[in-house]
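Below: one structure, written as structure tokens.
Since every read-out is calculated from the coordinates, none of them should be taken as a lab result. Keep in mind it's a predicted model, so treat the numbers as computed, not measured. Glycine also receives a Cβ, built like all others from the backbone with ideal geometry; neighbour counts cover every protein chain displayed.
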Amino acid sequence: MLDKILVPLDGSELSELALPYAEELAGAFNSDVELVYVCEPEESKYRHMHQLYIEKIAAQVRIHIRAYPGREAGLAAKVKAVVLDGEAADEIIDYADKNDISLIIMVSHGRSGIMPWAMGGTAMKVIQRTDKSVLLARAGCPQADAGKLFSRILVPLDGSDDGEAPLPYIKEITRKLESEVVLLQVVAPGQHVHTVGGLDYILFPEDEVERTIAEARQYLEQAGKELADTKVTLKSEVKTGNAAQEIIDFADEANICLVAISTHEHSGAGRWTLGNVAHKILQAGHTSVLQVRAPGVKS
């Protein structure tokens, strides 16, 4: 599940904020790391410089992975440096498909040192079109200390099987990395309905909301069993309100390092769709996001 990690870089320090995530996972799981620079047509004359840059970064990443605490002495760090030619998002997606990449790690914004391609726009194109899981690190946000990038993980769930798509990834991560994981479900207090006057928001009866909250607590307790036999400290929370905003607010207040969410489109309870919520969190959230495409959901 974490065998091969792809990190696209654009020559900027901002894009390199993805590297500590790859180094921590590779150090713990002996993952292959593949660093990719996409040379777009207008900068082809600088290709040799980009090759030197990516090879230099690869050498540094190898050193960092070998120095990872608890890593077996003498265990090689498998880091590959690649320069591709073409349009950035297309090349990244194509490379990930052809090379059986397990996880793509990118930064939300970046700027190339010579001929810029917008890492922010490229990252969003990749997220929208790839079938691979993507970890989006936030540029401009406080970074957790090295070795603690996965120390507090929030997993929003909606009660459906597809919504649980991130749990196998979290189980894999917490097999070797100690982490506090919070399972969160947001219960809607009402719903929008079409009326004669337009679109109105109608509150559910209080007893119905209370019953849904109780069911959510039971569901989260059951879902948490997926993380048994790991190094996890497990908590669960049920909130009421707008799903995306509640998730963003909770992540900020609880100092969450990573939000892991499914991209599927239909919730089991019919209250909110994780596809829409994930999009809002990517656009408005302040925390790094691991986005996992649910089985059967195509880009």
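The table below gives the values:
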{"read-out": "Helix runs (DSSP H) in the chain reaching 27 Å along axis by Cα, Kyte-Doolittle at least -1.0", "value": "47-66"}
{"read-out": "Within a Gaussian network of the chain (alpha carbon springs, distance under 10 Å), most fluctuating of Arg152, Arg211, Arg129", "value": "Arg211"}
{"read-out": "Within the chain, helix-based [θ] at 222 nm, where runs of 4 or more DSSP H residues each add -39,500 (n - 2.57), nearest 500", "value": "-11000 deg cm²/dmol"}
{"read-out": "Per-pair calculated FRET efficiency, R0 = 25 Å: Asp97 and Gln60 via Cβ, rounded to 0.05", "value": "0.35"}
{"read-out": "Order by protection proxy (mean Cβ within 10 Å, highest first), peptides 73-81, 4-12, 49-57", "value": "4-12, 49-57, 73-81"}
{"read-out": "Potential lengthening between Leu203 and Asp229 on full extension [0.36 nm per residue; Cα-Cα distance subtracted]", "value": "5.3 nm"}
{"read-out": "Straight-distance crosslink candidates among aspartates and glutamates, where the alpha carbon sits under 12 Å from Lys78 and sequence neighbours closer than 8 are dropped", "value": "Asp3, Glu23, Asp32, Glu34"}
{"read-out": "Global form of region 4-137, assessed from the alpha-carbon gyration tensor, a/c cut-off 1.5", "value": "prolate"}
{"read-out": "Residue among Thr122, Thr212, Thr263 with the largest mean-square fluctuation in a Gaussian network model of the chain, springs linking Cα atoms under 10 Å", "value": "Thr212"}
{"read-out": "Most fluctuating residue given options Leu203, Leu183, Leu167, as computed from a GNM of the chain linking Cα atoms under 10 Å", "value": "Leu203"}
